[in-house]
Amino acid sequence: MSVSDRVQRSIKWGSWIRRMFEEGNDLKRQYGEDNVFDLTLGNPIMEPPDEFHQELRRLVENPLPGMHRYMENAGYAETRTAVAEQLSLETGFKFTLNDIVMTCGAAGSLNVVLKTILNPDDEVILFSPYFPEFINYIENHNGVVKVLPSDDHFVPKLDVLEAAIGTKTKAVLINSPNNPSGAIYSEDFLHQLGELLSNKQAEYGKQIFLINDEPYRKIIFDGQKYPRIWPHYEHSIVVTSHSKDLALPGERIGYIAIHPDFDQRKELVDGFIHCNRILGYVNAPALMQNVVRRLQTVSVSAAEYQRKRDFLYRHLSEMGYSIVNPQGTFYMFPKSPIEDDLTFVRELQQLRVLTVPGRGFGSPGYFRISFCVEDRTLEGSLDGFRMVAEKFKTH
Ligand SMILES: Cc1ncc(COP(=O)(O)O)c(C=O)c1O
């Protein structure tokens, strides 16, 4: 067998999202694109904002000398400065370019951070429901995944975390706003989490990292203010990207930001820069670094996603689905009307509505809907949702 055991295992147990998407493609071939309602992928339907195209055009028409060459592995100083200035403005902390490393998306950021900090068998704690690629990323760098539960509102259970942290714990990885639940962790929650981690660091006499994966930070609803991790814990790292807020997932552009008060921050950032290189990313795409430099305050319309959320929430609730209304992202994570989420998702699939079973996110008994799709796809899916709800009598 030419493929390693580990990769074979990873493919076999791999992404339910991909699996449902690919099975959906067979249905699309059979019934035609317009007759299949695909709510599987988090691939934003929106085009990037106008400012993106203007900036791209400006650069193409006025090329900078050497703009396609290799650069510092951390990324252009001008771009890191722009990111740091915006973060400082938004948070009141004094970020500098030395706290920022430009990366190939949040996925690239996570791999760089995990490669930098993990020794073999170090544990990384996650909370279900989680973004399934986290498991692959942790295992890429010989870490051990420890999954802990969240409560009924998808907020991690801190008493369980307290009991679970041990000498092997290297990092706690959170994701707010959360894929798949759409939950945003409150200021109060982050405060308690920070205190808990500080106490555990003191108890074990070692550093425990808090990593927040926040690519959906700007896609939040109902006029909320996004609670940041920075005021609550010094050993914190943010990984993010412009895949969702500027709708650029194919362009692979993001960054890592480290807390400006992190002790040993220089050593850690040097590690990130080194790992960005040796993982083969080398540096984040040059053109995109130049483009996003001036777009740090720009975002796609969260209101447009909120409108889609409201539509879906209203209709599905009326049908009897039990849903915690997402506070952000473009996902919804309702309870499956029957315990077996896979059977439920297969029933929907028969009616050409494609979703992903909750077990793919470590939370059986739920299913994920991705609503970053055209309105007609959402509208078209309602009949299927209604028929399956009636079949399983959610009322
Ligand atoms: C929670 C979460 N983290 C990371 C990623 C990866 O994003 P990127 O395209 O920035 O690598 C995604 C993509 O869907 C995501 O949902």
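Each value in this text was obtained by applying a stated rule to the coordinates, not by laboratory testing. In this text the structure is predicted, and so the values were computed from the model without any measurement. For neighbour counting, all protein chains shown are included, and Cβ atoms are generated from backbone atoms with ideal geometry for every residue, glycine included.
Structure summary
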quantity	calculated
In region 46-99, residue nearest to Leu279 (Cα to Cα) [restricted to those that are part of a helix (DSSP H, G or I), without any contact (Cβ under 8 Å) to a residue 24 or more places away in the chain and of a type in the set (S, T, N, Q)]	Thr81
Members of region 11-60 found to be surrounded by 13 or more Cβ atoms within 10 Å (Cβ to Cβ), of a type in the set (Gly, Ala, Ser) and away from the ligand (no atom under 16 Å from the Cβ), listed by number	Gly24
Meets criteria (at negative phi, assigned to a helix (DSSP H, G or I), buried (at least 20 other Cβ atoms within 10 Å of the Cβ) and away from the ligand (no atom under 14 Å from the Cβ)) for Leu114	no
From the options Glu123, Glu78, residue that is under 25 Å from the mean Cα position of the chain (by Cα), under 30 Å from Gln264 (Cα atoms) and surrounded by fewer than 22 Cβ atoms within 10 Å (Cβ to Cβ)	Glu123
Those residues of region 350-364 which are within 21 Å of Arg309 (Cα to Cα) and surrounded by fewer than 22 Cβ atoms within 10 Å (Cβ to Cβ), in sequence order	Arg352
Residue in region 130-142 that is more than 13 Å from Asp213 (Cα to Cα) and aliphatic (A, V, I, L, M) present	yes
Region 146-167: number of residues that are more than 18 Å from Gln207 (Cα to Cα) and either among the hydrophobic types (A, V, I, L, M, F, W, C) or surrounded by fewer than 18 Cβ atoms within 10 Å (Cβ to Cβ) (or both)	12
Looking only at region 322-338, and only at residues there that are in contact (Cβ under 8 Å) with a residue 60 or more places away in the chain and assigned to a strand (DSSP E or B), the one that is nearest to the ligand (Cβ to nearest atom)	Tyr331
Candidate set: region 251-267, residues that are within 11 Å of the ligand (Cβ to nearest atom) and not aromatic (Phe, Trp, Tyr); chosen: the one nearest to the chain's Cα centre (by Cα)	Gly254
Every residue from region 274-296 that is surrounded by 18 or more Cβ atoms within 10 Å (Cβ to Cβ) and in a helix (DSSP H, G or I)	Cys275, Asn276, Ala286, Met288, Gln289, Asn290, Val291, Val292
Listing of strands (runs of 3 or more DSSP E) fully contained in region 132-250 that carry 2 or more residues being under 18 Å from Val112 (Cα atoms) and within 15 Å of the ligand (Cβ to nearest atom)	169-174, 209-213, 236-241
Tyr226 closer than 24 Å to Val160 by Cβ and aromatic (Phe, Trp, Tyr)	no
Region 117-131 - residue that is assigned to a loop (DSSP other than H, G, I, E, B) and away from the ligand (no atom under 16 Å from the Cβ) and, of those, nearest to Phe272 (Cα to Cα)	Leu118
Test result for His242, over 19 Å from the mean Cα position of the chain (by Cα) and buried (at least 21 other Cβ atoms within 10 Å of the Cβ)	no
